[in-house]
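Taking it in order: structure first as structure tokens, then the write-up.
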Amino acid sequence: MSVIVEFQTESADFELGRILDVGGMSSVELERLVPISSRTVPLFWIHDSDRGSFIQGIQDHSAVITATEIDVFDDRALFTLEWDASKDSVIRGLETHGGQLLSALGTSEIWEFEVRFSDHNALSEFNKYCNDVGTPTTIIRIYNPTQPESEPWYNLTNPQRKALLLAVESGYYDIPRGCTTKELAAELGISDQAVTERLRRAISTLVTNALVSVDGA
């Protein structure tokens with residue numbers, strides 16, 4: 001029976017966290033991991049950062065092959081990164097123990113992951129592996145998505161669900177608005193633009209799974 005875990009680890013404790021180093025209130029949100037041949041290529045958003053210095057910092061890292069800017073907006077940019085993931089403890093641990101990465105959000109200090117494992121044993125082995133290689137994890141939450149009380153949330157990740165619930169409860173969608181994205185960001189501990197992007201993706205996922213799939217059926 002599958003299990004989903006939310007955990008944190010310090011950015012300096014694993015390779016990708018060190019490569020995608022961001023300063024100040026900037027944040028990195030992983031879109032997905034794309035397997036290409038023997039490489040694992042991350043596609044990610046960088047929010048509120050100087051793109052020029054960020055790219056230069058990435059390309060100066062010895063493990064990086066190339067970093068490519070895919071799409072650019074006023075407040076964020078989408079990148080893909082080709083790199084040697086063989087020394088990354090988190091990525092190796094996920095591959096070895098069958099973890100499926102659902103979401104990841106990083107700052108200059110902490111990364112928060114949401115990962116699905118096939119069972120509790122696989123999760124325990126992954127956690128032990130990370131501790132053994134010097135990448136200790138802090139477990140935030142563990143739940144079983146197949147149990148009725150855990151609720152599937154229409155495929156929303158927990159960070160998306162948390163942000164959407166907070167926005168609704170705080171009156172963000174009221175007229176007039178009861179709060180701003182900056183206030184939501186302060187509550188969630190992420191950047192203003194990261195909140196905006198997370199709400200956008202949450203609404204898209206919710207509509208796709210709650211409405212579009214029903215109409216299709």
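Taken together, the values in this text are just the output of simple stated rules run on the coordinates, not laboratory data. These figures come from a predicted structure and were not determined experimentally. All Cβ positions, glycine included, derive from the backbone under ideal geometry; neighbour counts span all protein chains shown.
Key figures
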| read-out | value |
| --- | --- |
| Relative contact order (percent, whole number), the range 3-143, Cα cutoff 8 Å, 6+ residue spacing | 36 |
| Radius 10 Å from Cβ of SER2, net charge of other residues (Lys, Arg +1; Asp, Glu -1) | 0 |
| Estimated FRET transfer efficiency when R0 is 25 angstrom, pair GLN8-LYS162 (beta carbons, to 0.05) | 0.95 |
| Segment GLU169-ILE70, extension gain: residue separation times 0.36 nm, minus the distance between their alpha carbons | 32.2 nm |
| With at most 13 neighbouring Cβ atoms within 10 Å, loop chymotrypsin sites (Phe, Trp or Tyr not before Pro) (DSSP) excluded, longest segment of the chain | 74-172 |
| Expected 222 nm ellipticity per residue - DSSP helices of 4 or more, -39500 (n - 2.57), all of the chain, to 500 | -10000 deg cm²/dmol |
| Cα gyration tensor category, rounded, prolate or oblate, for the range 3-143 with a/c compared to 1.5 | prolate |
| Cβ-based exposure ranking for ARG18, ARG76, in which fewest neighbours within 10 Å come first | ARG18, ARG76 |
| Sites GLN56 and LYS182, calculated FRET efficiency, Cβ-Cβ separation with R0 35 Å, nearest 0.05 | 0.75 |
